[in-house]
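Asks: What follows is a structure written as structure tokens; I'll ask about it next.
The values are calculated or read from the model by the stated rules, or taken from the named source; none is laboratory data. Not measured: the values here are computed from a predicted model. A quick note on method: Cβ atoms are made from the backbone with ideal geometry, for glycine too, and the neighbour counts reach across all protein chains shown. We work out accessible area using only protein heavy atoms, side chains counted, and drop any ligands, DNA or RNA first. Shrake-Rupley method; radii C 1.70, N 1.55, O 1.52, S 1.80 Å.
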Amino acid sequence: MSHNSFGHLFRVTTWGESHGPAIGCVVDGCPPRIALSETDIQPWLDKRRPGASRFTSQRAEPDQVRILSGVFEGMTTGTPISLVIENLDQRSKDYAEIAERFRPGHADLTYWLKYGIRDYRGGGRASARETAARVAAGAIARRVLGAGVRIRGALIQIGPHRIDRARWDWDQVADNPFFCPDALTVPIWEEFLAAVRKAGSSSGAVIEVVAEGVPAGLGAPVYGKLDADLAAALMGINAVKGVEIGAGFAAAALRGEENADEMRMEAGEVRFLGNQAGGILGGISIGAPIVARFAVKPTSSILVPRRSVDRGGREIEVMTKGRHDPCVGIRAVPVGEAMMALVLADHLLRQRAQNPDAPERPRLPRN
């Protein structure tokens with residue numbers, strides 16, 4: 001089992017390494033007759049592209065995507081869609097010094113212990129470069145979900161500095177290099193990250209992803225829970241160390257009456273008076289916005305020497321040269337959006353397969 005694929009009916013397999021000739025993915029299970037071209041995919045890749053600001057890696061990759069199969073005359077054919085993104089700015093020499101060394105915080109040691117071989121150039125398959133393929137696949141998933149489903153992500157914390165949720169403004173997200181919804185927090189993050197980068201260090205972050213317009217009924221009890229699949233998908237992003245849905249860990253401090261989202265009827269539909277559940281109950285979507293957050297650890301590639309060992313078992317010190325994000329959480333925002341889209345598209349197709357007669361917007365019967 002290669003474990004390079006995820007999803008059931010909407011299935012994605014990614015391939016390629018950070019410093020290989022290209023990366024890409026194969027999307028299998030996309031329904032036919034959906035309009036699709038490179039221009040539908042490229043804007044999402046541009047959001048994740050390195051070098052977009054001084055606060056991200058300066059690796060100059062255009063991340064231009066090409067569709068190799070599965071699309072004919074601008075429409076999906078129902079066959080596997082193959083996407084490729086060329087790697088054009090590799091600097092493998094930056095990693096020559098760590099070919100025999102294991103970097104703390106990286107997967108160097110675990111890859112070596114598991115496989116007995118590793119591609120040390122930028123982390124190889126373990127590099128966050130692989131997530132570009134996920135973002136490309138996520139763009140196709142958005143087409144499957146349709147215009148009625150809106151998925152947006154935002155950075156809500158860098159290091160110890162959190163946004164003020166009372167100032168949340170989605171319009172601000174596209175107007176700063178951090179995907180920050182709070183304009184007054186942006187200069188704080190700029191000053192903080194500038195100091196972190198000058199020190200040769202890095203910082204962690206927290207990202208929030210919200211999906212609106214998701215119909216009720218996606219997911220299944222016990223082993224097909226929507227939130228379980230979403231948590232696994234987000235946890236599978238590089239450097240992610242924690243995931244929560246809705247109130248998440250904060251629910252532990254709530255009383256039962258605070259945590260239980262009350263309901264009322266409005267225009268013939270159920271309306272929830274709160275969303276502590278994050279849009280999912282019993283593993284099934286309730287029609288309210290789906291809210292997930294994930295925490296990203298500080299970038300492990302830093303210039304501060306750290307104690308480690310090499311392949312010969314000798315104790316050494318390691319520092320990582322090259323072009324790295326002082327906060328990998330910034331570019332994780334579009335990746336989180338993509339993983340949300342992939343999980344929702346897969347569950348939408350599962351729902352259609354198991355329950356084809358279910359209405360798009362389930363309603364309670366009128367009295």
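Asks: Can you list residues from other chains, or at least 5 along the same chain, whose modelled amide H is less than 5 Å from the amide H of GLY274?
Replies: GLU262
Asks: What angle, in degrees between 0 and 90 and rounded to the nearest 10, separates the Cα long axis of helix 38-48 from the longest principal axis of the Cα atoms of the chain?
Replies: That helix lies at roughly 60 degrees to the long axis.
Asks: Then there is this: Just for the Cα atoms in the chain, what are the lengths along the principal axes, largest first, rounded to whole Å?
Replies: 75, 50, 38
Asks: Need the full-extension length gain, GLU38 to SER69, defined as separation in residues times 0.36 nm minus the C-alpha distance. One decimal, nm.
Replies: Details: separation 31, 0.36 × 31 = 11.16 nm, distance 1.18 nm.
Working it through step by step, the gained length comes to 10.0 nm.
Asks: Now a separate question. Using only the Cα atoms, work out Rg/Rh for segment 49-193, with Rh taken as the Kirkwood radius, to two decimals.
Replies: Working: Rg = 19.4 Å, Rh = 18.8 Å.
Radius of gyration relative to Kirkwood radius: 1.03.
Asks: With label points built 7 Å along Cα→Cβ from the Cα atoms of HIS8 and TRP112, find their separation and express it in nm.
Replies: 4.0
Asks: Then there is this: Taking each pair of different alpha-carbon atoms in segment 210-367 once, compute 1/r for the pair, average those values, and report the inverse of that mean as the Kirkwood hydrodynamic radius in Å to one decimal. Mind showing how you got there, number by number?
Replies: On the way: mean 1/r = 0.0544 Å⁻¹.
One over the average 1/r among Cα pairs gives 18.4 Å for segment 210-367.
Asks: If amide hydrogens are placed 1.01 Å from N in the peptide plane, which non-local residues have theirs closer than 5 Å to the one on MET75?
Replies: Hits under the 5 Å cutoff: LEU36.
Asks: Another question, if that's okay. Pop the C-beta distance of ALA353 and VAL309 into the FRET formula with R0 = 45 Å and round what comes out to the nearest 0.05.
Replies: On the way: r = 50 Å, r/R0 = 1.11.
E(calc), rounded to 0.05, equals 0.35.
Asks: Over the alpha-carbon set of segment 180-260, divide Rg by the Kirkwood Rh and report the Rg/Rh ratio to two decimals.
Replies: Details: Rg = 17.4 Å, Rh = 16.2 Å.
Ratio of gyration radius to Kirkwood radius for segment 180-260: 1.07.
Asks: A further question on this structure: How much solvent-accessible surface does TYR120 expose, in Å² to the nearest 10, with a 1.4 Å probe and all protein chains in place?
Replies: Taking all protein chains as shown, TYR120 has close to 80 Å².
Asks: Take the Cα gyration tensor of segment 121-180, multiply each eigenvalue by 5, square-root it, and list the three semi-axes largest first, rounded to whole angstrom. Can you show the working numbers first?
Replies: Working: eigenvalues 129, 92, 14 Å².
They are 25, 21, 8 Å, listed largest first.
Asks: Out of all Cα-Cα pairs in segment 273-364, roughly what percent, to the nearest whole number, are more than 17 Å apart? If you can, show how the numbers build up before the last one.
Replies: Numbers: 2893 of 4186 pairs.
Percent of Cα pairs beyond 17 Å in segment 273-364: 69.
Asks: Sorting LEU113, LEU254 by accessible area (1.4 Å probe), largest first, what list results? Each step should come with its number before you reach the end.
Replies: Values: LEU113 130, LEU254 55 Å².
Reading off the accessible areas and sorting them downward yields LEU113, LEU254.
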